[in-house]
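What follows is a short report on a single structure.
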Amino acid sequence: MSLLVYGMALHETCLRFDVSKNSVEWHNKASKFLEEHNIPPNPVSHLIAYEYFSHKRPELNKRVNERLRSDLSLDVYFLRDLFEEFCVNQQEGKSEAHLSDLQNLLLKVIEGISLSGTEAEAYSRVLEQQKTALDADLGTEDLKNIANNLLEATQEAISENEKMKQHLRSAEENTRQLQQQVAELKEETSKDPLTGLFNRKALNQRLSDLVDEVSKTEEPLTLCMFDIDHFKAFNDNFGHQVGDQVIQLVSKTLQDKSRSSDFPARYGGEEFTLLLPGTKMDIAELIASRIHQAVGRLALVKRSTKERLPSVTISMGLASFKEGDTGESILSRADQALYHAKQTGRNRIVTETELAA
């Protein structure tokens, strides 16, 4: 196909962008039409779409509508065939008098493609280069090269865009897997393997964060610390497996009786803590009492022999945040209250207020 035929076809079918009052509307509809059918917006495709919305060629519109109603998809090859049939074959033998109009048309097509949407840097650079080239005094061969450059650049941009989408999907999946692995690792390092409660490291971090918060907001914060009374006797008399069973049952009771905002943790051995954010001492005592009574009602049976085991009791100490406190100072006061509960008979709850009195 000669450039003259190509150029005259473009000129005739676009109906002179610069003079038609409807050309902007047809141009916009053509761009949207190509996008809806996933057709690269090269000059030939845009030309046929523009002609379709101008309704100047009834037979062309009929062919497009038949295609749309069929099971076949509308694609760049079909539009190129229409171009050959309705544009090229009807333009043979015409002169080169309209080269300047063709030059303006190609410039309009470049501007339309640029505005329609690609963000690919390389593609934008090609469009800019061709736009600059159109400002010169061009002949038919020059215009042919520009048209070919536009076709090649458009196809390359579409291909690169697909590659980029695949890379993004792959990167997104890898990132999701990595985030999942990091979350699982973080949970492993913050949980006690025997009980599933938070461990001492996680407790210290959470306590430190809460102290920072309540120092600014003046919200209440109470810490409960407790351990299992005479726990060594369970290990000595029934074995460490029974001891582990006792720890698991107590930890489950602690979890069941805690609120969603609380932070239960295994402090070490048979010792546990419960952080109670936004909780004053009187409410904390009620929660501690509920846990204390629930543990006392546990019925323990040795799995291997079905032997009923002695009842489990716990001693508890409570301390609340005071101005100037650190995580360590609250833990220390709760530990002192716990020590006092054990020294005064065990199986009871002692608050720092009672300890001070």
- Mind checking which residues of the stretch 311-345 are touching a Leu at 6+ places or on another chain (Cβ under 8 Å), touching a residue at least 40 places away in the same chain (Cβ under 8 Å) and in a loop (DSSP other than H, G, I, E, B)? Val312, Phe321
- If the Cβ limit is 9 Å and pairs must be 6+ apart or interchain, which residue in the stretch 346-357 that is at positive phi pairs with which residue that is in a helix (DSSP H, G or I) and surrounded by 14 or more Cβ atoms within 10 Å (Cβ to Cβ)? Asn347/His292; Asn347/Ala341
- Output the residue which, of all residues in the stretch 321-339 that are crowded, with 22+ Cβ neighbours inside 10 Å and among the small types (Gly, Ala, Ser), is farthest from Leu276 (Cα to Cα). Ala337
- Could you grab me the full set of residues in the stretch 242-288 that are under 19 Å from Arg333 (Cα atoms), touching a residue at least 12 places away in the same chain (Cβ under 8 Å) and more than 41 Å from the chain's Cα centre (by Cα)? Glu285
- Note on the structure: Given the conditions (1) open to solvent by 10 Å² or more (accessible area, probe 1.4 Å); (2) farther than 19 Å from Arg348 by Cα; (3) modelled with pLDDT under 90, every one holds for Ser208 apart from (3)
- Query: Somewhere in the stretch 196-204, is a residue modelled with pLDDT under 95, open to solvent by 50 Å² or more (accessible area, probe 1.4 Å), closer than 19 Å to Leu338 by Cβ and aromatic (Phe, Trp, Tyr)?
  - Reply: yes
- Message: Given the condition among the basic types (Lys, Arg) and under 15 Å from Asp244 (Cα atoms), answer yes or no: does some residue in the stretch 280-298 qualify?
- Response: no
- Item | Hits in the stretch 61-105 - residues which are at pLDDT 80 or above, of a type in the set (A, V, I, L, M, F, W, C) and open to solvent by less than 50 Å² (accessible area, probe 1.4 Å) | Val64, Leu74, Val76, Phe78, Leu79, Leu82
- Query: When you go through (1) touching a residue at least 60 places away in the same chain (Cβ under 8 Å); (2) open to solvent by less than 50 Å² (accessible area, probe 1.4 Å) one by one for Ser54, which number turns out not to apply?
  - Reply: (1)
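So that you can scan it fast, the table gives a plain yes or no per residue for (1) in contact with a His (Cβ under 6 Å, 6 or more places away or on another chain); (2) open to solvent by 30 Å² or more (accessible area, probe 1.4 Å); (3) closer than 23 Å to Lys342 by Cα:
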position: Asp212; (1), (2), (3): no, yes, no
position: Thr222; (1), (2), (3): no, no, yes
position: Arg290; (1), (2), (3): no, yes, yes
position: Ala294; (1), (2), (3): no, no, yes
position: Ala319; (1), (2), (3): no, no, yes
- Members of the stretch 232-273 that are open to solvent by 50 Å² or more (accessible area, probe 1.4 Å) and in a helix (DSSP H, G or I): Lys232, Asp236, Asn237, His240, Gln241, Asp244, Gln248, Leu249, Lys252, Gln255, Asp256, Lys257
- Query: Within the stretch 275-286, is there a residue that is among the basic types (Lys, Arg) and farther than 18 Å from Ile349 by Cα?
  - Reply: no
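The values are calculated or read from the model by the stated rules, or taken from the named source; none is laboratory data. Just so we're clear, the structure is a prediction, and the values are computed from it rather than from any experiment. All Cβ positions, glycine included, derive from the backbone under ideal geometry; neighbour counts span all protein chains shown. In case anyone asks, the SASA skips ligands and DNA or RNA and just uses the protein heavy atoms, side chains included. Shrake-Rupley method; radii C 1.70, N 1.55, O 1.52, S 1.80 Å.
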